[in-house]
Amino acid sequence: MRSLKVVLTATMLVALAAAWWWYRAQRDAPVALSARYRFAEIERGPIEQSVSASGTLNPVTLVNVGTQVSGTIRAVHADFNQRVRAGQPLAEIDPALIEAQLVQLQANLQEADTQLRLAQRKLARSEELMARGFVSGAQIDDERQAMEAARARTRAIQAQIDRERTNLGYTVIRSPIDGVVIARSVDVGQTVAASFQTPQLFLIARDLRDMQIDTNVAEADVGSVAVGMHASFRVDALGEREFQARVRQIRLNPKVEQNVVTYNVVLATANDDGRLLPGMTATVRIRVASRPEVLKVPATALRFRPSDPQAVVRRDAAPGGQGGRRAVLHVESQAEGRPVLARVPVSVGLSDGSWTELIDAAGLQPGARVAVGEIVGATDRGTGAGGFRLRLF
């Protein structure tokens, strides 16, 4: 019985020693970096930097057709979406009041002409009598003044007649350009008043095959945009179909809303199939710069900073001076037989938001693994964290 207890005790001591040795070996063994960090690889390929904005599609030329005279709409000759030619009648205003005014003015002109002829005959007779010495010079001056006044009244009435004839022509509202009627705001019987502000009767687009996009670009991005740059855009109504455009104008007048400054960047685009309609909202991407074949790294790798500084080997040698913005990468490496992150300073250039160009890669090649994140909850067994428990039953 005593020998059995000795054997059991010896066996337990051997098991405890083996467990402790295994625990120490596991604790002191180096941990793979992939268990603590998420990695991505440096690649080689194209990269494109762009500026995103949203805007509204509009016709290049949009004419607001109004009226210069007031009155009641007698007829409407154009409707929505109708193509019209320059000079084509769009609507008519009842000309009755203007025609009546013309009749009255013509009667006044006839009366004024009669008075002018009478004044001219009186002046001619008085000049003959003055030559014989029967009329004084003062009387001649009075009659000449009366004749000039009659002539001036005649010219004034004639000017009024010309004005009313012009207004009579304005009662027929004509299209100023060749185009398409986008909007019509009047109906037969409606009264329009042009006393203080010209009312909008029709809205005509010159040519819907040529459209423009009015976008609002933030002040932080507008400095990288230039006239002539290529752009692409989508509209919700046409799904994933992508259209091409070009920057035509950068307007200097800023727009300020809630202390946010934006600038209107106008893009020109073709609408040959007529699928793009005025007023559609476009999501625009302006191509600022591009490189066909560069070394590039995920943008998240430039923002990553490890929480354990002991896992990082510092290599702070300055980049080769090829320009660009300074940044730091944490590259998978080995030091003294254990896996570490090497802190590598680099120079970066273009970025598309997901990838960033490496201008000076400090010797890094495609396929090099760079840390982009830290795995939450991962522990470094090499630091002695955690514990070992042995349960006896």
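See the values below:
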read-out: Condition check for ARG132: closer than 30 Å to ARG74 by Cβ and of a type in the set (D, E, K, R); value: no
read-out: Search result, residues across region 148-172 that are among the aliphatic types (A, V, I, L, M) and without any contact (Cβ under 8 Å) to a residue 40 or more places away in the chain; value: ALA149, ALA150, ALA152, ALA156, ALA159
read-out: Test: residue in region 156-168 that is in a helix (DSSP H, G or I) and within 16 Å of HIS77 (Cβ to Cβ); value: no
read-out: Search result, residues across region 191-208 that are among the hydrophobic types (A, V, I, L, M, F, W, C) and either part of a loop (DSSP other than H, G, I, E, B) or over 30 Å from ASP94 (Cβ atoms) (or both); value: ALA193, ALA194, PHE196, LEU201, LEU208
read-out: Residue in region 209-220 that is under 24 Å from ALA86 (Cα atoms) and part of a loop (DSSP other than H, G, I, E, B) present; value: yes
read-out: Tally, over region 286-299, of residues that are in a strand (DSSP E or B) and either crowded, with 18+ Cβ neighbours inside 10 Å or among the aliphatic types (A, V, I, L, M) (or both); value: 8
read-out: Unique match (being outside the structural domain of GLY71 (by TED's automatic domain parsing), in a loop (DSSP other than H, G, I, E, B) and either modelled with pLDDT of 95 or more or not aromatic (Phe, Trp, Tyr) (or both)) among VAL135, VAL103, VAL188; value: VAL135
read-out: Qualifying residue in region 49-59 (condition: β-branched (Val, Ile, Thr), touching a Ser or Thr at 6+ places or on another chain (Cβ under 7 Å), under 30 Å from ILE286 (Cα atoms) and buried (at least 19 other Cβ atoms within 10 Å of the Cβ)); value: yes
read-out: Selection within region 246-263 - closer than 16 Å to PHE233 by Cα and not charged (D, E, K, R); value: VAL247
read-out: Residue within region 222-237 that is surrounded by 12 or more Cβ atoms within 10 Å (Cβ to Cβ), among the aromatic types (Phe, Trp, Tyr) and under 14 Å from VAL265 (Cα atoms) present; value: yes
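Yes/no per residue for (1) part of a loop (DSSP other than H, G, I, E, B); (2) hydroxyl-bearing (Ser, Thr, Tyr); (3) at pLDDT 70 or above:
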{"position": "GLY279", "(1), (2), (3)": "yes, no, yes"}
{"position": "SER307", "(1), (2), (3)": "yes, yes, yes"}
{"position": "ALA327", "(1), (2), (3)": "no, no, yes"}
{"position": "VAL331", "(1), (2), (3)": "no, no, yes"}
{"position": "GLU357", "(1), (2), (3)": "no, no, yes"}
{"position": "ALA362", "(1), (2), (3)": "yes, no, yes"}
{"position": "VAL372", "(1), (2), (3)": "no, no, yes"}
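The values are calculated or read from the model by the stated rules, or taken from the named source; none is laboratory data. Every value quoted in this text rests on a predicted model; they were computed, and no experiment measured them. Using ideal geometry, Cβ is built from the backbone for each residue, glycine included, and neighbour counts are taken over all protein chains shown.
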